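**Student:** Mind having a look at this structure? Questions to follow.
The values are calculated or read from the model by the stated rules, or taken from the named source; none is laboratory data. This one's a predicted model, so the numbers in the text were calculated from it and none came from an experiment. Cβ coordinates were reconstructed from backbone atoms using ideal geometry, including for glycine residues, and neighbour counts include every protein chain displayed.
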């Protein structure tokens, strides 16, 4: 498939806004249940749980070292879009929980909702040449240079994070969290391919 015209600014704004919103909503499901996830967000969630700090600021700070790598290897446009997305997510994850209350939410449904919403949100960001920074940048870089799919890279990193989580959290928490991570990464693995896009 030959790429057509690049996305307009308006298309990037709406796509990235939707992506960030879906990711923030998914993380609201996750943190309401006290579950964890992988990647940089997972590290931020774990630190937030253990320290009592809010997820948003922790996530923002953790991502800072990855911007230099993104700028050098993936370009300024990708880096700026990722910085904007991370900042917006950090703000939304503080706002949404104040306006969304769950009377009942099972761990299974919450984990699947998290994985689905966040997976679709990340696809929207990738589609518009953005990301939520951190280890996602590394996964995209590996895919673009080796053709080893980003979803598989993220699954490998997640395996390490979840193994460490077993030392810090009950096994049931890790089990339900793993379900969400698998759903998320399978969505990315089966749907993220730049050569299928009609515009980049």
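**Student:** Of the residues in region 96-111, how many are in contact with a helix residue (DSSP H, G or I) (Cβ under 8 Å, 6 or more places away or on another chain) and in a helix (DSSP H, G or I)?
**Tutor:** Counting residues in region 96-111 that are in contact with a helix residue (DSSP H, G or I) (Cβ under 8 Å, 6 or more places away or on another chain) and in a helix (DSSP H, G or I) gives 6.
**Student:** What about residue 188, is it modelled with pLDDT of 80 or more and either out of contact with any strand residue (DSSP E or B) (no Cβ under 8 Å at 6 or more places or on another chain) or closer than 21 Å to residue 55 by Cβ (or both)?
**Tutor:** Yes; evaluated as a whole, the condition is true for this residue.
**Student:** Test of understanding: among 37, 87, which residue is part of a loop (DSSP other than H, G, I, E, B) and under 24 Å from residue 15 (Cα atoms)?
**Tutor:** When all the criteria are applied, what remains is 37.
**Student:** Let me ask you something else. Within region 17-47, how many residues turn out to be crowded, with 23+ Cβ neighbours inside 10 Å and under 19 Å from residue 77 (Cα atoms)?
**Tutor:** Matching residues across region 17-47 total 2.
**Student:** Exactly one condition in (1) over 22 Å from residue 11 (Cα atoms); (2) surrounded by 15 or more Cβ atoms within 10 Å (Cβ to Cβ); (3) in contact (Cβ under 8 Å) with a residue 24 or more places away in the chain is not met by residue 50; state its number.
**Tutor:** Every listed condition holds for residue 50 apart from (2).
**Student:** A further question on this structure: So if I check each of 93, 87, which one is within 20 Å of residue 180 (Cα to Cα), modelled with pLDDT of 85 or more and within 15 Å of the chain's Cα centre (by Cα)? Lay out the reasoning, then the answer.
**Tutor:** Details: 87 fails: within 20 Å of residue 180 (Cα to Cα).
The match here is 93.
**Student:** Could I ask something else about it? Have a look at 168, 123, 141, 105 and point out the one that is in contact (Cβ under 8 Å) with a residue 60 or more places away in the chain and closer than 24 Å to residue 14 by Cα.
**Tutor:** Going through 168, 123, 141, 105 in turn, just one is in contact (Cβ under 8 Å) with a residue 60 or more places away in the chain and closer than 24 Å to residue 14 by Cα: 123.
**Student:** What number of residues in region 54-70 are without any contact (Cβ under 8 Å) to a residue 24 or more places away in the chain and touching a helix residue (DSSP H, G or I) at 6+ places or on another chain (Cβ under 7 Å)?
**Tutor:** 1
**Student:** Does residue 174 meet the test of being touching a helix residue (DSSP H, G or I) at 6+ places or on another chain (Cβ under 6 Å), assigned to a helix (DSSP H, G or I) and either at pLDDT 80 or above or more than 20 Å from residue 45 (Cα to Cα) (or both)?
**Tutor:** yes
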